[in-house]
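Undergrad: Pasting in a structure now, in C-alpha cells, and then I'll have a few things to ask.
The values are calculated or read from the model by the stated rules, or taken from the named source; none is laboratory data. The model shown is predicted, which means the values in this text are computed figures rather than measured ones. Glycine also receives a Cβ, built like all others from the backbone with ideal geometry; neighbour counts cover every protein chain displayed. Please note that ligands, DNA and RNA were not included when accessible areas were found on the heavy atoms of the full protein model with its side chains. Shrake-Rupley method; radii C 1.70, N 1.55, O 1.52, S 1.80 Å.
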Number of protein chains: 4
Amino acid sequence: MGGARTKRMPRAVREQQMLDAAVQIFGRRGYMVASMDEIAELAGVSKPLVYLYLNSKEDLFTACIRREAAALTEAVRAGVRPDLPADRRLWDGLLAFFAHTAEHPEAWSVLHLHARTHGEPFAAEVAAMRAEIVAFVTRLVAIAAREAHQDPDLPEDEVAGLAEALVGAAESLATWANATPGVTARQTAGTMMNFAWAGLGNLMAGQRWVPEPT
Amino acid sequence: MGGARTKRMPRAVREQQMLDAAVQIFGRRGYMVASMDEIAELAGVSKPLVYLYLNSKEDLFTACIRREAAALTEAVRAGVRPDLPADRRLWDGLLAFFAHTAEHPEAWSVLHLHARTHGEPFAAEVAAMRAEIVAFVTRLVAIAAREAHQDPDLPEDEVAGLAEALVGAAESLATWANATPGVTARQTAGTMMNFAWAGLGNLMAGQRWVPEPT
Amino acid sequence: MGGARTKRMPRAVREQQMLDAAVQIFGRRGYMVASMDEIAELAGVSKPLVYLYLNSKEDLFTACIRREAAALTEAVRAGVRPDLPADRRLWDGLLAFFAHTAEHPEAWSVLHLHARTHGEPFAAEVAAMRAEIVAFVTRLVAIAAREAHQDPDLPEDEVAGLAEALVGAAESLATWANATPGVTARQTAGTMMNFAWAGLGNLMAGQRWVPEPT
Amino acid sequence: MGGARTKRMPRAVREQQMLDAAVQIFGRRGYMVASMDEIAELAGVSKPLVYLYLNSKEDLFTACIRREAAALTEAVRAGVRPDLPADRRLWDGLLAFFAHTAEHPEAWSVLHLHARTHGEPFAAEVAAMRAEIVAFVTRLVAIAAREAHQDPDLPEDEVAGLAEALVGAAESLATWANATPGVTARQTAGTMMNFAWAGLGNLMAGQRWVPEPT
DNA sequence: TATGAATGAGTCTTCATTCAT
DNA sequence: TATGAATGAAGACTCATTCAT
C-alpha cells in the first residue's frame with residue numbers, strides 16, 4: 001500500500017489515495033510534524049501533484065477533516081433507525097460511533113486530537129461535525145425528558161453542558177479504547193450506555209445532587 | 001505584558017518567569033508552532049538564557065507540563081477534606097478542578113490538548129497526573145459501591161472504562177467551559193455532579209441498560 | 001568564479017559542482033570553520049539543495065574525502081607501470097603523487113590536514129587511503145630487500161615504522177611544496193627519491209646506526 | 001585534577017592552571033570544538049577569570065602554542081651536548097624529541113595538528129618553532145657534508161627540501177608513535193636514525209638516484 | 001497527467017564574550 | 001581576586017512551495 005507509483009489514474013481516484021495517505025500521516029504524526037514529502041511518498045505520487053490537486057498543506061488537512069467527519073457522521077446516521085425507541089437509538093448510535101472510531105483510529109486521531117490543536121481554519125470543521133452529533137444526542141435527551149413527563153424546562157446552560165459531558169465522555173472513551181487492546185466497541189458502548197442513560201433518567205426524574213450549605 | 005527586560009534576577013525567579021511565558025505560548029500555539037524566540041521575548045529575556053536554564057525546547061515543554069500538572073493535582077487535593085462524605089468529596093474535587101482549569105486556561109490547554117498530541121516524552125508526564133486523578137475518582141466510586149451495599153465486584157474492565165468516562169467527561173467539560181463565556185466553575189461542577197453521581201448511583205444499585213435482542 | 005547560478009542541471013552534475021565547492025572551502029578553512037552557506041554560494045546553489053543531495057555537513061565532508069582519496073590513489077596507480085623495476089616504480093609513484101597534490105592543493109589539505117583533525121567518521125576514510133599507499137610502499141621495500149639478497153626478516157615494528165616514516169616524509173614534503181612557490185613536482189620527487197632510496201639501500205645492506213654506549 | 005576550585009591563588013599559578021587545562025582541551029578536541037566553558041571548568045575557574053587573564057580564545061590558544069613550543073624546543077636543546085659528534089647529537093636530539101612528544105601527547109597534538117589547521121595567527125607561532133628545529137637539523141647536515149669532504153654546494157632548494165623531509169618524517173613518526181601503543185621513544189628514534197643518517201650519508205657521498213631517460 | 005530540480009524563510013541551538021557585583 | 005547573570009551573532013538543518021518540462 002502506497003509508494004507503488006502506478007501511472008495515470010483518473011483525478012478522483014488519485015485524490016482519494018492522497019487523502020488516504022494524508023489521514024494516515026496526519027493521524028500518526030500530527031499536523032505540524034507531518035511533512036508533505038512523507039504524504040506524497042506514501043500516496044505514491046510526486047509532491048507537485050499533491051499541490052496540483054489539493055493546493056496546500058492547510059487545504060489538504062481541511063479536506064482530510066471534512067472527509068473523515070462526513071464518514072463518521074454518516075456511519076452514525078446509518079447505524080440508527082428512526083423508528084426505534086430513544087434508548088435503542090442512543091445505543092445504536094453509540095455502537096456505530098465506537099465501531100467506526102475503532103476501525104479508523106488515525107481518522108479519529110485527526111478529528112479529535114489534531115484538528116482541535118490548531119487554530120481556526122480547522123477547529124471550525126470539527127465543530128460542525130460535533131454540532132451534528134450533539135444535536136442528535138440533545139434530541140434524544142429531550143425525548144427522554146418528555147417521556148419522563150417532566151417539566152420540560154431544564155435551564156439551557158445545563159442542557160448544553162449535559163450534552164457536552166455526554167459527548168466528551170464518549171470521545172474520551174473512544175480514544176481510550178483505541179489505546180487499550182482487547183476492548184470491543186460493544187463493551188465500550190455498554191459502559192457508556194449504562195452510565196449515561198441511567199444518569200439521564202435520574203436527572204430527568206428530578207433527582208439532583210445539591211451541595212449542602214456549609 | 002512581558003518584554004519588560006528587568007535586569008539581573010536570581011536564577012530561580014527567572015526560571016519561573018520563563019516557565020510562565022512558556023505555558024502561555026505553548027498553551028496558545030501548541031508545542032510545534034510555539035517558537036523559542038517568542039517565549040524568550042514574552043519572558044523578557046534573551047534566547048540563550050532560556051537555553052542556559054532550561055536546556056532545550058523539549059525540556060522546557062516537559063518542565064511546563066510537570067509544573068502545571070503538579071499545580072492542578074495540588075489544587076484538587078487542597079480542595080478536598082478527607083473527613084467529609086464521599087459525595088461531598090467528589091463535589092469539592094470537581095469544584096477545585098474546574099476552578100483551577102478556568103483560572104489557568106493556557107495551562108489546561110498545555111496539559112489536556114498539547115501534551116497529549118506529541119509522542120512519548122510528554123504523554124508520560126500527563127499520564128502520571130491523570131493516573132492520580134483517576135485513582136481519586138476510583139476511590140470514591142468504590143466507596144459509593146460499598147455504601148450501596150452492592151456486590152462489590154464490578155468487572156475490572158467496566159470500572160476502568162467507567163473512570164475513564166467520568167474523567168473524560170470532566171476534561172471535556174473543562175475545555176468547553178473555557179471556550180464558553182459566562183459559565184462558572186460552580187455551574188460546571190453542578191452539571192458534572194448530577195450527571196456522574198446519579199449515573200453512578202443507578203449503576204451501583206444494579207440497574208443496568210441492556211439492549212433487547214433484535 | 002562560482003555563484004553563476006546556472007539553472008536546472010541533472011543531479012549528478014550538480015553533485016559534482018557541490019563537491020568541487022566543498023573541497024575548496026573545506027580545504028581553505030577547515031571542517032569546523034567552513035559554513036554550509038559559503039559552500040552553497042560557491043557552488044552556485046541554494047543551501048537546501050546541498051542538503052537534499054548530500055544530507056549533512058558530515059556526509060558532505062565524508063563525500064569530499066572519499067572522492068579526493070579515490071582520485072589521489074587512482075592518480076598514483078595510473079602513474080605506475082607494474083612491469084618496470086622497483087626503483088622506477090617508486091619514482092613514478094612519487095612523481096604522480098607530488099604532481100597530483102600540487103595540482104589539487106585544497107584536496108590535499110582536506111585529506112592530510114583537515115580530515116585527520118576531526119574524530120572517527122573522517123579519520124577512518126583517510127586511513128583507508130593511507131593504508132593503500134603504505135601497502136604500495138611496503139611492497140617496494142620488500143622487493144628492494146629481496147634484491148639486496150638480504151635476510152628478509154626486518155623486525156615487524158621496524159618495517160611499520162619505516163613505512164610510516166617514508167610516507168610521513170612524503171606527506172610533509174607535499175604540504176611544504178604547496179606552500180613554497182617555484183618548486184616542481186619533479187624536484188620534490190627527486191629529493192624524496194634520493195633520501196628514501198639511498199636510506200633504504202643502506203638499511204637493506206645491513207648498515208645500521210647504533211648509539212655508542214655512554 | 002581540575003574542577004577543585006580552590007580559592008585565591010596568585011595570578012601566575014592560576015594562569016598556568018588555565019594553560020594546562022586549555023592544552024588538554026585544545027589537544028583533545030581541536031581549536032574550534034574546544035569551548036571556553038569546558039576549559040574554565042577543567043581549570044576549576046569561572047569563565048570571566050579566564051578572560052581576565054588571557055583575554056580571548058585566540059590569545060589563549062596562542063599562549064598554549066607558545067608555551068608548548070618553548071617547552072619542546074627546550075627539551076630538545078637540553079638533550080643535546082654541543083661537544084659531542086654530529087651523529088650523536090642527532091641521536092640525542094631525536095631521543096629528546098620523541099620522549100617529549102610521547103610524554104605530552106596533547107601538547108604535541110596542539111602543535112602539530114591543531115595549530116597548523118587554523119589560519120595565520122597560529123601557524124606563524126609554530127613556524128617559528130619549526131624553523132629552530134630545522135636549523136638544528138640543517139647544521140648537522142652541513143657538518144655531515146663537510147665531514148664527507150664533499151663539494152659543499154648542494155643546491156639550496158634541495159637542502160631545504162631535505163630538511164623538510166627529515167623533520168616531516170620525524171613529526172609523522174611522533175604522531176604515529178603516540179597512536180601506537182607499546183612503541184618506545186628509543187625505538188622510534190632508532191628507526192629514524194638508521195633511516196636518516198644512512199640516507200644522508202649516501203647522499204653526501206654523491207650517490208644519487210637519477211631517473212633513466214625514457 | 002505528472003515530475004525532477006530548486007529555493008525563501010524560518011527554527012533550534014551554541015558560543016565567545018561582557019556586565020554588575 | 002573572583003563570579004553569577006546575561007546576550008549578539010551566527011550556523012546547521014527543515015519545510016512548504018514553485019518552476020520548467
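Undergrad: Determine which member of the set A:Ala96, A:Ala21, A:Ala75, A:Ala107 is of a type in the set (A, V, I, L, M), within 15 Å of DNA strand F (Cβ to nearest atom) and part of a helix (DSSP H, G or I).
TA: Details: A:Ala96 fails: within 15 Å of DNA strand F (Cβ to nearest atom); A:Ala75 fails: within 15 Å of DNA strand F (Cβ to nearest atom); A:Ala107 fails: within 15 Å of DNA strand F (Cβ to nearest atom).
Answer to the check: A:Ala21.
Undergrad: Next question. Got a number for residues in region B:147-193 being in a helix (DSSP H, G or I) and at pLDDT 80 or above?
TA: Result for region B:147-193: 25.
Undergrad: How many residues are under 11 Å from the mean Cα position of the chain (by Cα), away from every other protein chain (no Cβ under 11 Å) and open to solvent by less than 50 Å² (accessible area, probe 1.4 Å) if we restrict to region B:111-133?
TA: Counting residues in region B:111-133 that are under 11 Å from the mean Cα position of the chain (by Cα), away from every other protein chain (no Cβ under 11 Å) and open to solvent by less than 50 Å² (accessible area, probe 1.4 Å) gives 4.
Here is a yes/no grid of residues against (1) under 14 Å from A:Glu164 (Cβ atoms); (2) more than 8 Å from chain A (Cβ to nearest Cβ); (3) free of Cβ contacts under 8 Å to residues at least 40 places away in the same chain:
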site	(1), (2), (3)
B:Glu158	no, no, yes
B:Ala163	no, yes, yes
B:Gly168	yes, no, yes
B:Ser172	yes, no, yes
B:Thr188	yes, no, no
B:Thr191	yes, no, yes
B:Asn194	yes, no, yes
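Undergrad: Name the single residue that is least open to solvent (accessible area, probe 1.4 Å) among those in region A:83-110 being closer than 16 Å to A:Phe26 by Cα and within 13 Å of chain B (Cβ to nearest Cβ).
TA: A:Val110
Undergrad: State yes or no: is A:Ala70 part of a helix (DSSP H, G or I), on the phi < 0 side of the Ramachandran plot, open to solvent by 70 Å² or more (accessible area, probe 1.4 Å) and away from DNA strand F (no atom under 16 Å from the Cβ)?
TA: Criteria not met by A:Ala70.
Undergrad: Hey, another quick one. If I ask for residues that are assigned to a helix (DSSP H, G or I) and over 24 Å from C:Ala34 (Cα atoms), which ones from region D:25-61 would you list?
TA: Correct list: D:Ala40, D:Glu41, D:Leu42, D:Ala43, D:Lys47, D:Pro48, D:Leu49, D:Val50, D:Tyr51, D:Leu52, D:Tyr53, D:Leu54.
Undergrad: Identify, please: which residue in region C:34-66 is open to solvent by 60 Å² or more (accessible area, probe 1.4 Å) and more than 12 Å from DNA strand E (Cβ to nearest atom) and is, among those, nearest to the chain's Cα centre (by Cα)?
TA: Within region C:34-66, the match that is nearest to the chain's Cα centre (by Cα) is C:Arg66.
Undergrad: Here's another thing I want to ask about it. Just to be sure before I move on: is B:Arg29 open to solvent by 80 Å² or more (accessible area, probe 1.4 Å), within 14 Å of another protein chain (Cβ to nearest Cβ) and closer than 26 Å to A:Tyr31 by Cβ in the structure I sent?
TA: Working: open to solvent by 80 Å² or more (accessible area, probe 1.4 Å): yes; within 14 Å of another protein chain (Cβ to nearest Cβ): yes; closer than 26 Å to A:Tyr31 by Cβ: yes.
Judged against the criteria, B:Arg29 is a match.
Undergrad: Same structure again: Do you know which residues across region D:52-67 are in contact (Cβ under 8 Å) with a residue 12 or more places away in the chain and near DNA strand F (Cβ under 10 Å from one of its atoms)?
TA: Taking region D:52-67 as the starting set, the residues that turn out to be in contact (Cβ under 8 Å) with a residue 12 or more places away in the chain are D:53-54, D:57-58, D:60-67.
Residue satisfying the conditions is D:Tyr53 alone.
Undergrad: Does at least one position in region B:54-70 carry a residue that is of a type outside the set (Phe, Trp, Tyr), under 30 Å from B:Leu140 (Cα atoms) and within 14 Å of chain A (Cβ to nearest Cβ)?
TA: Taking every residue of region B:54-70 in turn, none turns out to be of a type outside the set (Phe, Trp, Tyr), under 30 Å from B:Leu140 (Cα atoms) and within 14 Å of chain A (Cβ to nearest Cβ).
Undergrad: Still on this structure, I have one more. Got at least one residue in region B:7-24 being within 8 Å of DNA strand E (Cβ to nearest atom) and open to solvent by 70 Å² or more (accessible area, probe 1.4 Å)?
TA: Residues of region B:7-24 within 8 Å of DNA strand E (Cβ to nearest atom): B:7-8.
Adding the requirement that they be open to solvent by 70 Å² or more (accessible area, probe 1.4 Å) leaves B:7-8.
Yes: one or more hits.
Undergrad: What is the number of the single condition among (1) closer than 30 Å to D:Met192 by Cα; (2) assigned to a helix (DSSP H, G or I) that D:Pro82 does not meet?
TA: For D:Pro82, the exception is condition (2).
Undergrad: Please state which of the following conditions B:Tyr31 fails to meet, knowing it meets all the rest: (1) within 20 Å of the chain's Cα centre (by Cα); (2) away from DNA strand F (no atom under 16 Å from the Cβ); (3) of a type outside the set (A, V, I, L, M, F, W, C).
TA: (2)
Undergrad: Step by step: first the residues of region D:90-119, then only those that are in contact with a Pro (Cβ under 9 Å, 6 or more places away or on another chain) and not aliphatic (A, V, I, L, M), then the one that is farthest from D:Gly168 (Cα to Cα). Which residue is that?
TA: Only one residue fits best here, namely D:Asp92.
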